[in-house]
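Trainee: The following block contains the structure, expressed as structure tokens.
No value in this document is a laboratory result; all are computed from the given coordinates. Model, not experiment: these values are computed from the prediction. All Cβ positions, even for glycine, are placed from backbone atoms using ideal geometry, and neighbour counts span all protein chains on display.
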Amino acid sequence: MRTVTKRPLLARAARMAAGLGACAALAGACASASGVTPTPGVGPSPVWLREPLPVEYKLDVGDVVDLKLYYHPDLSDKDVLIRPDGRIWAHLVGDVTARGLTPTELARQLREQYATLKIQQPEVAVVVRKSAGLRVFVGGEVNNPGMIPHEGWMTVSRAILQAGGPKATAEAGSVVLLRDPGARGGGPLSAVLSLDSALAGGDDPLLQPYDVIFVPKSRIAKLNQYVDQYVVKMLPVTLSAGFYYTQGDPRNNPFH
């Protein structure tokens, strides 16, 4: 049996996706409590949105790093690529696992290995030159759900637009944002936001790497889906456009 190792971002997204059901229910509750779409901009943003949590970056396949040994520049190396197997090559040490470690953790691991080789003052720094792993996940009622590169000034609305924008069936007033709590521990942090408000110049929070955005289906879309799945397919007749139905042999239908 082949063992498959989850990449850090996918593992984070999988953990946070476990909370999507409750958050989607929360988004639906906002709409159903009053029977209308939530009013944009109502209610203060959670504290954790106003003060974004710092997320310590974890190295991933495709990242490029510099290895700097301050007292041994001959052992330093530039533009070291993390290979598909998650490893890098370092002078004297050889192959070292880098994927899933923070730069600080990788530097500590290299320092310890150089120390076992009797290298004096093996002070190591790992500098990320290129990141291939900074992503956010956008799912639900968007045209192109999936991973979105986290680049520059990434906000909720920009991420949704990069995912192809919301579908006509989307509930744009009840977008769910999930965030890894990091050192705080516990379940994922969650908030319900309004895309309509963000696009109109309202609250449009900055995203952190590994955030998950879920755009729920609108109540009307859910009703149409329910009718199609549980009503139309159970009827002993075939509904057609034009407010008539056919039953049995279509040739016997007087409305044709």
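Trainee: At 0.36 nm per residue, minus the direct Cα-Cα distance, what do residue 143 and residue 92 gain on full extension? Give it in nm, one decimal, please. Don't skip to the answer; put the middle values down first.
Mentor: Details: separation 51, 0.36 × 51 = 18.36 nm, distance 4.91 nm.
That pair, residue 143 and residue 92, stretches by 13.4 nm at full extension.
Trainee: Further question on the same structure: Scattering from the C-alpha atoms of segment 56-151 alone, worked out with Debye: what is log10 I(q)/I(0) at q = 0.11, 0.16, 0.20, 0.21 1/Å?
Mentor: -0.37, -0.65, -0.91, -0.99
Trainee: Compute log10 of I(q)/I(0) for segment 140-182 with the Debye formula, placing one identical point scatterer on every Cα and leaving out solvent, at q = 0.25, 0.33 Å⁻¹, to two decimals.
Mentor: -0.98, -1.31
Trainee: Can you give me the orientation-averaged projected area of the convex hull built on the Cα atoms of segment 124-215, in nm²?
Mentor: Values: hull surface 28.6 nm².
So the Cα hull casts an average projection of 7.2 nm².
Trainee: Provide the FRET efficiency to the nearest 0.05 for the residue 85-residue 200 pair, computing r from the beta carbons and using R0 = 45 Å. All intermediate terms of the calculation are to be shown ahead of the outcome.
Mentor: Working: r = 47 Å, r/R0 = 1.05.
Computed FRET efficiency for residue 85 and residue 200: 0.40.
Trainee: Do any trypsin sites (Lys or Arg not before Pro) in segment 64-157 lie in a loop, going by DSSP, with at most 11 other beta-carbon atoms within 10 Å of their beta carbon, and if so which?
Mentor: Loop-located and lightly packed - 118.
Trainee: Please compute the length gained on full extension between residue 169 and residue 102, using 0.36 nm multiplied by the number of residues separating them and subtracting their Cα-Cα distance. Kindly include the intermediate steps, with their values, before the conclusion.
Mentor: On the way: separation 67, 0.36 × 67 = 24.12 nm, distance 3.99 nm.
Extending this stretch completely gives an extra 20.1 nm.
Trainee: With only alpha-carbon atoms counted, please give the Rg and Dmax of segment 104-177, in Å.
Mentor: Cα only, segment 104-177: 20.7, 65 Å (Rg, Dmax).
Trainee: What distance in nm lies between label points placed 7 Å from Cα along the C-beta direction at residue 161 and residue 111?
Mentor: 4.4 nm
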